[in-house]
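Engineer: Take a look at this one; I'll ask things after.
The values are calculated or read from the model by the stated rules, or taken from the named source; none is laboratory data. Keep in mind it's a predicted model, so treat the numbers as computed, not measured. Here the Cβ positions follow ideal geometry from the backbone for every residue, glycine too, while neighbour counts run over all protein chains shown. Please note that ligands, DNA and RNA were not included when accessible areas were found on the heavy atoms of the full protein model with its side chains. Shrake-Rupley method; radii C 1.70, N 1.55, O 1.52, S 1.80 Å.
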Amino acid sequence: MRIALVGYGRMGRAVEEAARARGDEIVARLDREDRIDAAALAGAEVAIEFSVPSSAPLNLRRLAEAGVDTVSGTTGWDPAQGEVDAAVRAAGTGLLVAANFSLGVGFFHRIVRVAARLAAGVPDYDVHLYEAHHRHKLDHPSGTARMLADSVVELFAGKDRWEESPPAGRPEREVVYLSVARAGEIAGTHVVSFEGPNDRVELRHEARDRGGFAVGAVEAAHWVRGRPGVHTLGDWLRDRFTDSPSP
């Protein structure tokens, strides 16, 4: 498959390595200063976009206008999602946006959803989340942490919202608290802990490097090609984990 890379930082380079290992061809490498149009995309069949929140909405609209199906792993631009979705539907292209393309995170998320529903039925249990990433990461908390926290709030009875780190004083029982760390070159760690009066059940995903995210992004690019419309991570994962129960 012919792939255009939009954003050529650490993740863009990791995606290039994963794509070449699969036998795909990188036909364009576009970064912040480069204009995105049909000529620059050099006949790409799909684009993989890892840029920054301030650039992603315009990048994705231009990719749609150029007729290129796209997967995007940029997070932190949620307020512009509506206008990007409208541009994709108008163009008749496909778009898959996800906070994390790691297949390991995919099935971790499904396990967390099942665990949240089960733990909610056990008396006196509580739940909290923790995530850590490298100091270069711009969004805070990470998109993956937000996704996990949203699922826990949805499925853990008695919780109505999540917030970052407990404030001073007594924490509220109705709130799921999420702690965040940024340090060094941590590739990505996410922990969901179910705390009981006598024990703890802890679920943990720890990325060793960016390779897992890159491999998943390339696989998602193969999936989105030729699928018009705006797709979710759940759409892709339901196809990918066909033998697993729905969370």
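Engineer: Applying the Karplus parametrisation 6.51 cos²θ - 1.76 cosθ + 1.60 with θ = phi - 60° to the phi angles of segment 163-180, what ³J(HN,Hα) value in whole Hz is obtained for each residue in order, glycine and proline being reported as x?
Structural biologist: 3J(HN,Hα) across segment 163-180, in whole Hz: 9, 6, 6, x, x, 4, x, 7, x, 7, 5, 7, 9, 8, 9, 10, 9, 10.
Engineer: Whole-Hz ³J(HN,Hα) for each residue in segment 103-112, computed from phi via Karplus 6.51 cos²θ - 1.76 cosθ + 1.60 with θ = phi - 60°, x for glycine and proline: what do you get?
Structural biologist: Result, rounded to whole Hz: 5, x, 5, x, 7, 4, 4, 5, 5, 4.
Engineer: If you don't mind, another one. Just the Kirkwood number for the chain, please: inverse of mean 1/r across all distinct Cα pairs, in Å, one decimal.
Structural biologist: Computed over the chain, the radius equals 18.9 Å.
Engineer: Given the rule -39500 (n - 2.57) for each run of at least 4 DSSP H residues, summed and divided by the residues of the chain, what is its mean residue ellipticity at 222 nm, to the nearest 500 deg cm²/dmol?
Structural biologist: -11000 deg cm²/dmol
Engineer: Could you work out how far apart the two model spin labels at residue 42 and residue 89 are, taking each label as a point 7 Å from the Cα in the direction of the beta carbon, and quote it in nm?
Structural biologist: My value for the distance between the label points is 3.5 nm.
Engineer: Can you list residues from other chains, or at least 5 along the same chain, whose modelled amide H is less than 5 Å from the amide H of residue 181?
Structural biologist: The list, which skips near neighbours in sequence, is 131, 132, 133.
Engineer: Another one. Relative contact order for segment 5-96 using alpha-carbon pairs under 8 Å, separation at least 6, rounded to a whole percent? Please report the intermediate quantities before stating the final value.
Structural biologist: Numbers: 135 pairs, mean separation 23.8, N = 92.
Result for segment 5-96 is 26 percent.
Engineer: Which loop GluC sites (Glu not before Pro) in segment 4-85, with loop taken from DSSP, have no more than 13 other Cβ atoms within 10 angstrom of their Cβ?
Structural biologist: Here the sparse-neighbourhood loop sites are 33.
Engineer: Among 63, 98, 132, whose Cα sits farthest toward the positive end of the charge dipole of segment 21-135 (+1 at Cβ of Lys/Arg, -1 at Cβ of Asp/Glu, about the Cα centre)?
Structural biologist: In segment 21-135, that residue is 132.
Engineer: With just the Cα atoms defining each centre, how far is segment 192-215 from segment 28-88? Give it in Å.
Structural biologist: 31
Engineer: Return the distance in nm (one decimal) between the two label points of a simple spin-label model at residue 165 and residue 134, each offset 7 Å from Cα along Cα→Cβ.
Structural biologist: 2.3
Engineer: With unit charges on the beta carbons (Lys and Arg positive, Asp and Glu negative) and the dipole taken about the Cα centre of the chain, which residue among 6, 229, 175 sits farthest to the positive side?
Structural biologist: Sorting the options by dipole projection puts first 6.
Engineer: Okay, next question. Quote the relative contact order of segment 102-247 in percent (integer), defining contacts as alpha-carbon pairs under 8 Å separated by 6+ residues.
Structural biologist: Value for segment 102-247: 29 percent.
Engineer: Another one. Whole number in Å², please: accessible area per residue of segment 139-247, 1.4 Å probe, ligands, DNA and RNA not counted.
Structural biologist: 53
Engineer: Calculate the dipole size of segment 150-240 relative to its Cα centre from +1 charges on Lys and Arg beta carbons and -1 charges on Asp and Glu beta carbons; express the result in debye to the nearest 20.
Structural biologist: Roughly 280 debye for segment 150-240.
Engineer: Quick check: from the Cα gyration tensor, does segment 139-247 come out rounded (a/c under 1.5), prolate or oblate?
Structural biologist: Judged from the Cα gyration tensor, segment 139-247 comes out prolate (a/c at least 1.5, a/b above b/c).
Engineer: Moving on. With each pseudo-label sitting 7 Å past Cα toward Cβ, what's the residue 124-residue 200 distance in nm, one decimal?
Structural biologist: Rounded to a tenth, the inter-label distance reads 1.8 nm.
Engineer: Convert each backbone phi in segment 146-161 into a coupling constant with the Karplus relation 6.51 cos²θ - 1.76 cosθ + 1.60 (shift: θ = phi - 60°), then list the ³J(HN,Hα) values in order as whole Hz, x for Gly and Pro.
Structural biologist: Computed from phi, the couplings for segment 146-161 are 4, 4, 5, 5, 4, 5, 5, 4, 5, 10, 8, 4, x, 9, 10, 6 Hz.
Engineer: Then there is this: How high is the relative contact order of the chain? Use alpha-carbon pairs under 8 Å, at least six apart in sequence, and give a whole percent.
Structural biologist: Relative contact order here is 22 percent.
Engineer: May I pose another question? Accessible area of the chain with a 1.4 Å probe: how many percent of it is carbon plus sulfur?
Structural biologist: On the way: 5710 of 11880 Å².
Roughly 48 percent of what the probe reaches on the chain is carbon or sulfur.
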